[in-house]
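To start, the structure itself, in structure tokens.
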Amino acid sequence: MQDKHFVPFTKEMKKQGYTILVPNMLGTHFKLAEKVVRSHGYNVEVLDTSGPQVIETGLRYTHNDACYPAMFVVGQFMDALNSGKYDPHKTALMMYQTGGGCRASNYISLIRKALKKAGMEYIPVISFSLGVEKHPGFKVTVPLIYELLYAIFYGDLIMSLANEVRPCEINIGDADRLTERLTQELGDELGAGKNIRHSQIRKNYRMIVQKFAEIPIVKRDAVKVGVVGEIFVKYSALANNHLQRFLEKEGAEVIMPGLMDFLCYCMFNACEDRGLFGSNAYLYPIYKMLYKFMCRSKDEISKIITENSDFRGWTPFPEIAGMAEGYISTGVKMGEGWLLTAEMVELSSIGCKNIVCAQPFGCLPNHICGKGMMQRLNEKNPDVNIVAIDYDASASRVNQENRLKLMLFNANRVFKSVVHNDNDDMVA
Ligand code: SF4
């Protein structure tokens, strides 16, 4: 049923060059995606606002029982609109909608409510989705989907390699500088509006791996910490109080599962629904094709990584899905659902025994699939050290960081005893 506050984004608005604002979540991925969408004729801008006013504004325009990521997104939009930088009569907002039960589908109504409260209900809110809502001025075409997927693949590859290099780099900042440069160059290529051949994409994957492998490093053992959780608080540095920066400052190597896995999860679920409920008959072939394409692409990138460097390869997605077995059904797909549990099992399987589970305070689905699975995980993997951190507007940063420090203290103690025992074995 169509939202009663629905305002369509028309072809006329596109022609007039309306600015389309998009909330930020993952720097590299979203910068690449911005260039892709621009090359399709949309004047899109990914917001890079930061500071406490974002959540303060979110609190002003949403009910205080709305979930933290929802408040954050509303805050980012309303903060931008109130800044005076944009003409509200020539601005539209865009939000992704997965069609599931979590905020990724329901934010749009909250954003429209906030606009109404601010007297700006005439601003269109575009749903970026496979057919959840239709806007005559914005079309999700096949080339746009493919180019966005390539932006995400590049983003995941860059993020994964940068995270592996950063704790060992000799010249501090090398990995970040390379990330910045590659994002710019690959974004320009994707945004040039030409059809990019797959051979060129493969060449770029190899080039990315090679560039990161050339960064001078000093081999050092760092405690590996995986980050899982609700997608927004997991990735958004603004929402998680710069969790990754904090862990790296404390000497850890952060392993962040890629965005590609989340997209595979969405497609996997859509296909699963067909079997479980007989739904998605019309879109099922598209979901299946996209799922296969993403799984193949992930394997292809992983092969390029392992064949051309000493960096860690990636676990194939069907294997990750299989890891949920014995813990949770793959029919549990509200929020991050079974993927959250499966990612923790996968991290443990690759030797990353310390895990931060980042979740919005009061987010029931993610508490069930994250915190709720901890006991079972510990029973089956006694060496896993998991800490669940809640994020919300009133959560104390000091408290969050103290809990992380405690987790790192235990992690370092175990890590040192393992290294010590290994050395003793070598001497013997
Ligand atoms: S599942 Fe969690 S993140 Fe999603 S809308 Fe509910 S509370 Fe928010």
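Under 5 Å from the amide H of Asn385 lie the amide H atoms of Asn354, Ile355, each residue being 5 or more positions distant or on a separate chain, with H modelled from the backbone and absent for Pro and chain starts.
Surface composition of the range 11-139: carbon and sulfur atoms hold 52% of the protein heavy-atom accessible area at a 1.4 Å probe. Solvent-accessible surface of the range 141-221, averaged per residue with a 1.4 angstrom probe and all protein chains in place: 49 square angstrom.
So for the range 141-221, what percent of the C-alpha to C-alpha distances run longer than 18 Å?
Of all Cα-Cα distances in the range 141-221, 43 percent exceed 18 Å.
Stretching the chain fully between Val132 and Glu12 yields a gain of 41.0 nm (0.36 nm per residue, less the alpha carbon separation). Applying a threshold of 29 Å to the alpha-carbon distances of Lys194/Lys333; Lys4/Lys288; Lys113/Lys333; Lys303/Lys405 flags Lys194/Lys333; Lys4/Lys288; Lys303/Lys405 as lying beyond it.
Taking all protein chains as they are arranged and a probe of 1.4 Å, the heavy atoms of Cys266 leave approximately 30 Å² accessible to solvent. Between the alpha-carbon centres of the range 358-415 and the range 120-149 there is a gap of 36 Å. Close amide H contacts of Ile126 (hydrogens built in the peptide plane, cut-off under 5 Å, sequence separation of 5 or more or a different chain): Leu93, Met94, Met95.
Counting only protein heavy atoms and using a 1.4 Å probe, what share of the accessible area of the range 141-221 belongs to carbon plus sulfur, as a whole percent? Of the solvent-accessible surface of the range 141-221, carbon and sulfur hold 53 percent. Enter the Cα centre distance for the pair the range 175-219 and the range 256-302, rounded to the nearest angstrom. Centre-to-centre distance over Cα atoms comes out at 25 Å. With point charges of +1 on the Cβ of Lys and Arg and -1 on the Cβ of Asp and Glu, referenced to the Cα centre of the chain, which listed residue (Asn240, Val22, Ser329) lies farthest in the positive direction of the dipole? Highest projection toward the positive end goes to Val22.
Sequence-ordered 3J(HN,Hα) estimates for the range 207-216 from the Karplus curve with 6.51, -1.76 and 1.60 and θ = phi - 60° stand at 4, 4, 4, 4, 4, 5, 5, 7, 5, x Hz, glycine and proline given as x. Extending 7 Å from Cα along the Cβ direction at Ala393 and again at Ser83 yields two label points whose distance is 2.0 nm. May I ask you to compute the full-extension gain from Ser279 to Glu300, defined as 0.36 nm times their residue separation minus their alpha-carbon distance, rounded to one decimal in nm? So the chain would gain 4.5 nm between Ser279 and Glu300. Rounded to the nearest 10 degrees, the angle from helix 68-82 to the longest Cα principal axis of the chain is 50 degrees.
With respect to the chain, whose longest principal axis is taken over its alpha-carbon atoms, helix 259-277 is tilted by about 70°. Residues of the range 198-233 with amide nitrogen under 17 Å from the 7 Å Cα-to-Cβ point of Glu307? Within reach of a label on Glu307: 198-211. With respect to the chain, whose longest principal axis is taken over its alpha-carbon atoms, helix 337-349 is tilted by about 30°.
Checking the cross-link pairs Lys15/Lys85; Lys31/Lys249; Lys139/Lys224; Lys35/Lys371 against a 31 Å limit on the alpha carbon distance flags Lys139/Lys224; Lys35/Lys371 as lying beyond it.
Calculated mean residue ellipticity at 222 nm for the chain: -17500 deg cm²/dmol, from DSSP H runs with n ≥ 4 weighted as -39500 (n - 2.57), summed, divided by the residue count and rounded to 500. Each other residue within a Cβ distance under 13 Å of Asp3 adds +1 if Lys or Arg and -1 if Asp or Glu, for a net charge of +3.
Among Lys234, Lys224, Lys85, what's the order by accessible area (1.4 angstrom probe), most exposed first?
Lys85, Lys224, Lys234
The values are calculated or read from the model by the stated rules, or taken from the named source; none is laboratory data. Keep in mind it's a predicted model, so treat the numbers as computed, not measured. Reconstructed Cβ throughout: ideal geometry from the backbone, glycine too, with neighbour counts over all protein chains shown. With ligands, DNA and RNA removed, areas are computed over all heavy atoms of the protein, side chains included. Shrake-Rupley method; radii C 1.70, N 1.55, O 1.52, S 1.80 Å.
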